[in-house]
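Report on the following structure.
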Amino acid sequence: MLYTAYELGYAAISPARIAAGIGARMWRSPFNPIADSWLARTAAASLDMFEHASRRYPRPEWKIEETVIGGVPAAVEVETVLHKDFGDLVHFRRDEDAVKAGGGEADPKVLIVAPLSGHYATLLRGTVEAMLPSHDVYITDWIDARHVPIIAGRFDLNTYIDYVMDFLREIGPGAHAIAVCQPGPAVLSAAAVLAEENDPARPSTLTIMGSPIDARRSPTVPNLLAQERPFEWFESNMIHTVPAPYAGMLRRVYPGFIQLYSFLSMNSDRHVNAHYDYFEHLVTGDGDSADKHRQFYDEYLSVMDMTEEFYLQTISEVFQKHSLPKGELMHNGRKVRPDAMRDIGLMTVEGERDDISGIGQTQAAHDLCLNIPDRMKIDYVQEGVGHYGVFNGSRWRKEIQPKVQEFIRAHDRNVRGRQHLKLVAQS
């Protein structure tokens with residue numbers, strides 16, 4: 001009923017939202033003789049605030065059209081190379097001529113596994129942009145569960161692991177995997193399964209960033225909430241039915257708007273202050289600052305639903321039972337064995353001020369992957385950054401990404417092979 005009530009509420013205020021948008025434009029119109037007055041600017045700002053607070057935020061676009069490879073501009077085309085019911089494999093295909101001219105032919109293939117935790121994969125736009133100049137980048141683009149017909153079946157943690165393996169197989173042998181935040185346990189499990197099967201698609205390296213591999217270490221507020229509440233509480237209070245007219249009607253989901261409320265409540269003071277500043281920017285005519293605010297919140301407020309089974313299994317296995325670090329996680333009836341990984345490089349990255357995945361939670365991966373040689377392991381903690389700073393922002397671009405790039409290059413089987421053939425040919 002909550003989902004239906006939410007949709008009815010949105011529909012009920014739609015006329016007021018439309019009127020507010022029209023009113024804001026009227027107050028700012030060049031034909032309005034008092035448009036530059038304090039009264040007009042304040043009225044327009046107030047109406048603008050209401051319109052933006054009550055609107056529906058669609059799935060953002062990637063807006064990545066170009067990168068620079070070795071000083072050479074290269075056009076980028078965003079293409080879906082594998083479509084599945086609950087997620088796509090997206091490739092940022094760089095112009096081949098520009099890649100050759102910039103010396104990027106030997107760039108490693110990298111799969112960035114985006115979190116399925118409420119936001120779309122476009123939240124990692126900055127992650128992708130920083131990797132593109134020196135990597136052939138792919139990313140998982142998860143689909144909003146409310147748009148997936150119920151006939152498509154279930155999508156749980158096991159299915160998520162299957163998808164990661166399918167995507168790695170599609171990319172081909174020698175790819176590198178980067179798990180950003182929530183998918184860490186699933187991607188580690190996928191790599192372990194592929195390694196145990198000696199599958200050629202097993203990744204050359206696995207980089208895990210700000211992830212709850214072992215949520216018992218340095219527990220944060222979200223971790224404690226998951227532990228304090230019984231499983232039945234999440235099942236009874238967080239799961240709702242998708243209403244008509246969505247394609248996924250009757251599917252049971254963890255709605256994105258509930259997750260968004262959780263995000264906002266964790267840092268409510270910061271968000272309130274940001275919107276107060278936005279109001280002042282509108283009144284004073286500071287268009288650049290207002291645009292930056294809109295760009296951030298257009299992305300931040302765009303959320304998606306997760307399937308009931310994926311959300312509840314994640315709560316149970318990752319945050320309550322801690323199945324992976326205890327050696328008890330099962331994938332399709334078979335125990336996941338991280339110790340099967342022997343030739344996969346492992347890098348963990350954490351933020352000093354991470355309030356989502358505390359220090360040590362990601363580092364736990366090293367303890368599980370006992371048979372990876374120490375020379376193929378790196379643990380890095382970035383000073384002065386919180387959760388999002390691990391994979392986005394200036395510290396990511398200037399300090400973290402270069403270290404990830406160096407690690408990938410050092411353990412790239414394909415690059416080493418091409419370099420060897422090149423040396424043989426030259427001799």
If the chain between ASP343 and ASP379 were fully stretched, how many nm would it gain, using 0.36 nm times the residue separation less the Cα-Cα distance? 11.3 nm
Using 26 Å as the Cα-Cα cut-off, could you pick out the over-long pairs in LYS100/LYS292; LYS326/LYS403; LYS109/LYS292; LYS63/LYS109; LYS109/LYS321? LYS100/LYS292; LYS326/LYS403; LYS109/LYS292; LYS109/LYS321
So if we plug the beta-carbon distance of TRP38 and GLU105 into 1/(1 + (r/R0)^6) with R0 = 51 Å, what FRET efficiency do we get, rounded to 0.05? 0.30
Relative to the present Cα-Cα distance, how much length would full extension add between ASP286 and GLU79 at 0.36 nm per residue of separation? 70.9 nm
Nonlocal amide H pairs with ILE378, under 5 Å, H built at 1.01 Å: LEU346, MET347, THR348
So which GluC sites (Glu not before Pro) in the stretch 24-91 pass both tests, a DSSP loop state and at most 15 other Cβ atoms within 10 Å of the Cβ? GLU61, GLU65
Expected vector for the stretch 64-71, Karplus 3J(HN,Hα) from phi with 6.51, -1.76, 1.60 and θ = phi - 60°, integer Hz, x for Gly and Pro, equals 10, 10, 7, 9, 10, 10, x, x
Please give, to one decimal in nm, the separation of the simple spin-label points placed at TRP233 and ASP166, each 7 Å out from Cα toward the Cβ. 3.5 nm
PHE257 versus MET330: modelled label distance in nm, points set 7 Å from Cα along the beta carbon direction: 3.7 nm
Rounded to the nearest Å, what's the spacing between the alpha carbon centres of the stretch 110-127 and the stretch 173-237? Just the number, please. 14 Å
How do THR241, THR159 line up, fewest other C-beta atoms within 10 Å first? THR241, THR159
FRET E, pair GLU352, SER54, Förster distance 45 Å, beta-carbon r, rounded to 0.05: 0.75
Scoring the stretch 289-408 by relative contact order with C-alpha pairs under 8 Å, at least six apart, yields a percentage of 21 percent
Sticking with the crude label model, points 7 Å out along Cα→Cβ, report the distance from ALA410 to ARG154 in nm, one decimal please. 4.2 nm
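Just so you know, all these numbers are worked out from the coordinates, no wet-lab data involved. Predicted, not measured: the structure shown is a model, and the values here were computed from it. Positions of Cβ are backbone-derived with ideal geometry, glycine not excepted, and every protein chain shown enters the neighbour counts.
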